[in-house]
Structure formats: structure tokens, C-alpha cells
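Bear in mind that the values in this text are calculations on the coordinates, not laboratory data. These numbers come from a predicted model, not from an experiment. Positions of Cβ are backbone-derived with ideal geometry, glycine not excepted, and every protein chain shown enters the neighbour counts.
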Amino acid sequence: MTAPRRAGLVLALALGLAAGPAQAIDARDLDRCARIDQPNERLACYDALVPRPRSSEKPPAGAAERSPIDQRWGVGVTGTLFDILPHKPTYMLVVDHSNSLNVSPMTPTHPAPAPADLRANQAMFQLSAKFKVVDLQRSIGASLWAGYTQKSEWQVYNPTVSRPFRETDYEPELMLAFHPDRHFLGLRWRLLNFGLVHQSNGQSDPLSRSWNRAYVQFGLEHDRLELLLRPWWRIPENRGNDDNPDIIDYMGYGDVVASYRVNRQTFSLLGRYNPRTHKGALRASWSFPAWRRMRGYVQAFSGYGETLVDYNWRQTTFGFGIALTDWQ
């Protein structure tokens with residue numbers, strides 16, 4: 001027997017032994033393969049004898065893809081201190097159309113200003129990221145994070161007033177994140193988040209808006225479905241300094257995000273509701289692969305609080321553009 005045939009026979013025997021007794025290879029089949037002169041045909045013969053693992057078999061430990069929550073919070077990855085990770089979606093709506101413009105925003109403590117010259121079509125973008133500040137896994141099994149989200153409405157199609165930014169909301173926050181791994185009702189609980197968040201628009205009266213909240217967030221997963229439940233409590237302010245004392249009536253006591261991935265597409269729905277006033281909002285989005293890391297992005301909103309200056313204004317908007325990150 002030639003050297004190549006002997007090497008092939010030894011390889012096939014090793015693979016056959018590794019396959020186990022239930023999948024042993026017949027010696028006559030090995031001899032048949034060894035007699036083939038052409039190297040490629042001989043190797044193909046050996047390959048046909050060795051059983052391949054079925055796709056339904058479980059991958060080795062650690063080989064499975066990390067869940068969306070694990071990826072967005074760096075779970076199971078060391079050395080992530082101060083690494084920038086996605087937080088809320090980051091996107092740019094090239095065109096965002098509103099069916100009802102709030103040209104004179106007002107609150108119980110601020111009278112309506114003179115009507116602004118606004119166009120129904122504008123651009124909108126949101127930037128959002130977070131990073132780990134302190135790793136407390138060894139002491140309390142958690143980590144401290146800082147996050148920042150900025151959302152802007154841009155009257156770029158309004159040359160008569162020099163295309164201004166109509167509204168920019170700034171939202172820094174601190175989060176103490178735990179990552180339990182428990183199952184109930186068919187869901188996997190992967191996030192328990194205690195947060196403090198400030199949101200304001202940085203404008204002067206009568207357009208100034210701001211509020212502070214403490215919240216608890218629960219992150220649950222099942223296959224391609226992700227649920228983020230976040231009840232919050234507004235931190236009280238001195239009534240004389242409160243720009244928007246009735247904001248809870250419109251923004252509610254928390255929000256829920258449901259997102260679902262299928263064929264590299266993500267469908268998301270965010271909801272807020274106040275059962276006492278029956279006011280709230282829904283935001284639906286769809287993202288899909290476009291080019292490299294860029295994704296196509298379509299978003300629809302209906303209700304109160306599209307931006308902070310519009311917290312008590314009801315409207316429906318629809319926009320499309322691109323996104324770098326979504327909820328998953």
C-alpha cells in the first residue's frame with residue numbers, strides 16, 4: 001500500500017473511532033477507498049464514510065450565539081470597561097412627516113409663544129450609546145453604566161427661516177445593571193436595570209422642558225423576541241421651577257419595547273400609556289440590511305411626546321431613512 005493510501009486509511013480509522021461504536025466504519029469500505037488512485041476521489045470516498053453531525057445537535061458549550069441583550073451589555077466578555085456599546089436606536093430619518101404641527105407649544109406654567117413657521121416635512125435623527133463605568137461583578141454581581149441619547153428635529157426643508165433645529169432633547173442616564181439567567185413563562189430573564197435619567201431640551205422659557213426619573217427595567221427574551229419593560233417614577237420638582245408639571249399625564253408611568261428579528265430584519269414596537277388619563281403613544285419601526293453596517297429604517301409614531309416640547313401634543317408622524325443600531 002502506498003504512503004498516501006496508508007495516511008488516508010489511518011485518518012479514516014481515527015474519524016471512525018471518534019464517531020463512536022454506533023457509527024463504526026466497515027473495514028471493507030475503508031479498503032475500497034484506499035484502492036482509489038486519484039487523491040481527490042479517494043478523499044471524497046473517506047468523507048462519505050464519516051458521519052456528519054446533525055444540525056439539530058447542540059453546539060459545544062460557549063459556541064452558541066450570544067443573545068441580543070448579552071451583546072448590547074457585553075455579558076460574558078472581559079475587558080469591556082469604557083467600550084462604547086449601543087443603547088437606544090441610532091438612526092437618521094431623511095424625511096419625517098407630521099400630520100399636525102405644534103406651532104405654539106404651551107404648558108400649564110408657560111403660555112403659548114407666537115406661532116412658529118414650521119414645515120410638515122423635516123429630518124430627524126437620534127444618537128444613543130452607553131459604556132461601562134465600574135465593574136462590580138465580584139462584589140455585587142452588577143456593573144455601573146453611563147448612557148447618553150440625543151434626539152433632534154431639523155427643519156432642513158424650511159429655507160424661509162434658515163433651516164433651524166426645531167428641537168433637541170438631551171438624555172443622560174446612569175444604570176446599575178444585573179444579568180440574571182432565569183426562566184419563567186417560556187421567557188429568559190437577562191436584564192435587571194436600576195436607572196436614573198434626566199431629560200431636557202436646553203431651551204429657555206417659554207419652550208423649556210425637563211424632568212428627572214428613577215426606573216427599573218426588565219429585559220426578557222425568547223428565541224428572536226425581546227421585551228424591555230421599564231416602569232418609572234418622576235422625581236418631584238419645586239412647582240415654581242417645574243416647566244411641565246403635567247408631563248406624567250401624557251408620558252405615563254413607563255414604557256414597553258417589543259422587538260422581533262427575522263431574516264436579518266428587526267420589527268419593533270414601543271408603547272407608553274397612562275390608564276388614569278388614557279393618553280400615551282405608540283412607535284413602530286422596521287430596520288433591514290442596506291449596505292455594510294448601514295440599515296434601512298422606517299418609523300411611524302402616533303400619540304403624545306414625539307419630542308419633549310411636544311409632550312402634551314398629539315400627532316402622527318411617518319419617516320424613513322437609515323439606522324446604525326436598532327433595539328436588537
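At a glance:
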| item | result |
| --- | --- |
| Cα-based helix-to-principal-axis angle, 3-19 vs the chain, degrees rounded to 10 | 60 degrees |
| Listed peptides 170-179, 129-138 by packing density, highest first (mean Cβ within 10 Å) | 170-179, 129-138 |
| Euclidean distance of C-alpha centroids, the stretch 205-271 and the stretch 78-103, integer Å | 14 Å |
| Option label - semi-axes √(5λ) of the Cα gyration tensor in Å computed here, alternatives (i) 25, 23, 22; (ii) 30, 23, 19; (iii) 56, 23, 16 | (iii) |
| Nitroxide proxy distance, nm - points 7 Å out along Cα→Cβ at residue 203 and residue 80 | 3.7 nm |
| Highest to lowest packing among 257-263, 180-186, scored as the average C-beta count within 10 Å | 257-263, 180-186 |
| Within a Gaussian network of the chain (alpha carbon springs, distance under 10 Å), most fluctuating of 248, 84, 140 | 140 |
| In the stretch 68-325, lysine pairs with alpha-carbon atoms under 21 angstrom apart (chain gap of 8 or more, or interchain) | 4 |
| Net length gained if the chain between residue 136 and residue 278 were fully extended (0.36 nm per residue, minus Cα distance) | 47.1 nm |
| Residue list for the stretch 239-278, given a label point 7 angstrom along the Cα-to-Cβ vector of residue 233 and an amide N cut-off under 17 Å | 248, 252-255 |
| Two-site label geometry, residue 144 and residue 41: point separation in nm, points 7 Å out along Cα→Cβ | 7.2 nm |
| Segments 300-310, 155-165 sorted - mean Cβ within 10 Å per residue, highest first | 300-310, 155-165 |
| For the stretch 174-321, alpha-carbon Rg over 2.2 N^0.38 Å | 1.17 |
| Per principal axis, descending, Cα span of the stretch 198-241 in whole Å | 48, 19, 10 |
| Charge dipole magnitude, Cβ of K and R +1, D and E -1 - the chain, Cα centre, debye nearest 20 | 840 debye |
